[in-house]
Amino acid sequence: MSLMFNGIGVSRGIAIGDAYLLRRNQIDVTSRSLTKKSVPTEVRRFKRALKAARVQLLTARDNIPKDAPSDVSAFIETHILMLDDGVLSQRPIEIIKSELINAEAALQQQREELIKVFGSMEDVYLATRIDDVNHVIDSVLRALDDGAEPAEGPEHWKGQIIVADDLTPADTVTMQHHGVAGFITETGGQLSHTAILARSLGIPAIVGIPNIRKYINSGEVLTLDGRLGMVLAEPTDQMLANFKRQQKETKQKKRELSKLIDTEAITLDGVKLKLSANIEIEEDIKALKRVNANGVGLYRTEFLYLNQETIPTEQEHFKVYTKVLRSLKGETLTIRTADLGADKQLDSQLSMRERPLAHNPAMGLRGIRLCLSDPSLFLPQLRAILRASARGPIRMLIPMLTNIAEVDQCLKLLEQVKQNLRDENIEFDESMPVGAMVEVPAAAISAAQFAERLDFLSIGTNDLIQYTLAIDRIDDQVDYLYDPMHPAVLQLIKTTIDAGQKSGIPVTMCGEMAGDSRYVRVLLGLGLTEFSMPPNLILETKRSLISARRSTLKKQVNALLNANTSEDQKAILDKINASAPES
Ligand code: PEP
Ligand code: MG
């Protein structure tokens, strides 16, 4: 009998393959007492397991494809560092010796200690670190128990769909290396490390199907649709044929989309569009080039600060920015000043000041608030951005602004930095455009005043939706409330676009919504013409927009804004997308 399961689709693509069940969470951690005499043997056993876990991670690191984004290796490196840290490599040995218990029990005791410490910190970023600690401890426990690992290793995974409770970043890399067709996990959300890696490595994946391993067996045929988050076990011949057809069509569509690379981005009624790329690291420029994007609409510079021992110097910033500019060959680079805090915490040692831990980091000292409070963070970046502006077209974008006083403070500081550079005879672009991220409702409502002072606005829907609807963007329990079509969200977007138009300054959108094929036509109807998104979404967005008429969309979107029920809204949205080529 066929069974259907629904989860969170985190990486697009259709996969067909035999199920391969990983039963890794059943690790034996029963406690045994030791005699004093057997302690050295147990310590040796523990050290052997550490070594085996380390070899596994090193192998995964060696198997990372050359063209994989750098965050893939960063995840693996973090696990190697954790494994080498005394809290995991030394402390369990002390526990074995002092309490005369076996290695598994000692490691488990240390895990509980660490969970207590992390748990009391109430910090989103550290919460994800707990997952890392658990992954690393589990890999040592598995190495301690040879029998826990399935008889068949990853070399037998080719073409199969891996079904697991959870997967580590190292597992994900190993799976790609061994050619798995896709994977499904019982836990996890859109922004878990494993989900991010699956997207980067292009493995179709679904997470968050609790207990799926109870209902399916290894060897059963599965189909997986990573866009819809749907799994079918033991599909009928007809279903299977259907999926195979879809798989073929997806490949064909990819080929079709690539024909749009050089097509001008202009709507049927002649509205010119700007489709730019969001980048996080310098290597992302390659992907941008492949789709011929209009420069960079959002360069998230936080990655320059994360995983570092010291704050990047002015020269380090400058070097990276000029390198990116060179590869852009005259296209505009929009550099967002550091948006640290919340989900992108700065290592506390890097900050100039000791600060108490925020109770609610998303509403705490993040983005421009942190930068304005700590000139040692902000000034080197401002100087570097200005200096780089002499080498090519740069726009500076400020995150998390909520009021005019902050805007004025930033502009004043920038003017001081400019004056210093003039005094030092250092070149920069005197008219470098400065813009604001509109990502909190207060900024959207004040957009007209922002627009009077600034050169452009950029709507950050990821946060705008989070703050408007009061839902934590990385909490999968409230994921169902994350609704870009909520009338309040649409109204704030419209207010911002209208304010920009009235003042004659450009308005871009750089949140995920700008590359979501379900909504891009709505945005065009609201008046948006500049979209910035991950490079792999540009062609699909282009296809949807160039086959539309803005004049028609404007009328439809007006009706959408006035819809009284969600059913009416859905019907109008369907109509808006009806003529769009299918994604
Ligand atoms: C946003 O909030 O929409 C945005 C683009 O910024 P980030 O996702 O980096 O917070
Ligand atoms: Mg944001």
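The values are calculated or read from the model by the stated rules, or taken from the named source; none is laboratory data. From a predicted model like this one, the values you see are computed outputs, not experimental measurements. FYI the Cβ positions are ideal-geometry reconstructions off the backbone, even for glycines, and counts take in every protein chain you see. What goes into the accessible areas is simple: the full protein's heavy atoms, side chains included, and nothing from ligands, DNA or RNA. Shrake-Rupley method; radii C 1.70, N 1.55, O 1.52, S 1.80 Å.
Restricting Thr78, Thr41 to residues that are of a type in the set (Ser, Thr, Tyr) and within 24 Å of the chain's Cα centre (by Cα) narrows the list to Thr78. Taking the numbered list (1) surrounded by fewer than 20 Cβ atoms within 10 Å (Cβ to Cβ); (2) outside any loop (DSSP other than H, G, I, E, B) in turn, Val29 passes all entries but (2). If the condition is being assigned to a loop (DSSP other than H, G, I, E, B) and either at pLDDT below 85 or surrounded by 13 or more Cβ atoms within 10 Å (Cβ to Cβ) (or both), then region 32-61 contributes only Leu34. Scanning region 250-262 for residues that are open to solvent by less than 100 Å² (accessible area, probe 1.4 Å) and at pLDDT below 90, we see that the one that is nearest to Leu228 (Cα to Cα) is Thr250.
Taking region 464-583 and the helices (runs of 4 or more DSSP H) fully enclosed by it, the elements with 3 or more residues that are within 16 Å of ligand 1 (Cβ to nearest atom) and open to solvent by less than 50 Å² (accessible area, probe 1.4 Å) are at 487-503. Can you tell me which residues in region 221-249 are surrounded by fewer than 17 Cβ atoms within 10 Å (Cβ to Cβ) and assigned to a loop (DSSP other than H, G, I, E, B)? The answer is Arg227, Leu228, Glu234, Thr236.
Here Gln349 does not qualify as modelled with pLDDT of 95 or more, away from ligand 1 (no atom under 16 Å from the Cβ) and not assigned by TED's automatic domain parsing to the domain that holds Phe118.
A quick yes/no check of all residues on (1) touching a helix residue (DSSP H, G or I) at 6+ places or on another chain (Cβ under 6 Å); (2) more than 21 Å from Val10 (Cβ to Cβ); (3) among the hydroxyl-bearing types (Ser, Thr, Tyr):
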| site | (1), (2), (3) |
| --- | --- |
| Tyr215 | no, no, yes |
| Leu222 | no, no, no |
| Val231 | no, no, no |
| Ala241 | no, yes, no |
| Gln246 | no, no, no |
| Lys253 | no, no, no |
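When the residues of region 293-330 are filtered to those that are hydroxyl-bearing (Ser, Thr, Tyr) and at pLDDT 90 or above, the one that is surrounded by the fewest Cβ atoms within 10 Å (Cβ to Cβ) is Thr313.
Exactly one residue among Arg395, Arg383 is more than 16 Å from ligand 2 (Cβ to nearest atom), under 18 Å from Arg336 (Cβ atoms), touching a His at 6+ places or on another chain (Cβ under 9 Å) and open to solvent by 30 Å² or more (accessible area, probe 1.4 Å), and that residue is Arg383.
When we screen Glu427, Glu452 for residues that are over 23 Å from Leu490 (Cα atoms), more than 16 Å from ligand 1 (Cβ to nearest atom) and either open to solvent by 10 Å² or more (accessible area, probe 1.4 Å) or touching a helix residue (DSSP H, G or I) at 6+ places or on another chain (Cβ under 6 Å) (or both), the only hit is Glu427.
Return the only residue of Val324, Val296 being more than 16 Å from ligand 1 (Cβ to nearest atom) and in the same structural domain as Thr529 (by TED's automatic domain parsing). After ruling out the rest, the residue left standing is Val324.
Let's see how each residue does on (1) under 21 Å from Gln501 (Cβ atoms); (2) assigned by TED's automatic domain parsing to the domain that holds Glu309; (3) in contact with a Gly (Cβ under 9 Å, 6 or more places away or on another chain):
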| position | (1), (2), (3) |
| --- | --- |
| Gly392 | no, yes, yes |
| Lys412 | no, yes, no |
| Lys418 | no, yes, no |
| Glu424 | no, yes, no |
| Glu427 | no, yes, no |
| Gly435 | yes, yes, no |
| Glu439 | yes, yes, yes |
| Phe456 | yes, yes, yes |
| Thr468 | no, yes, no |
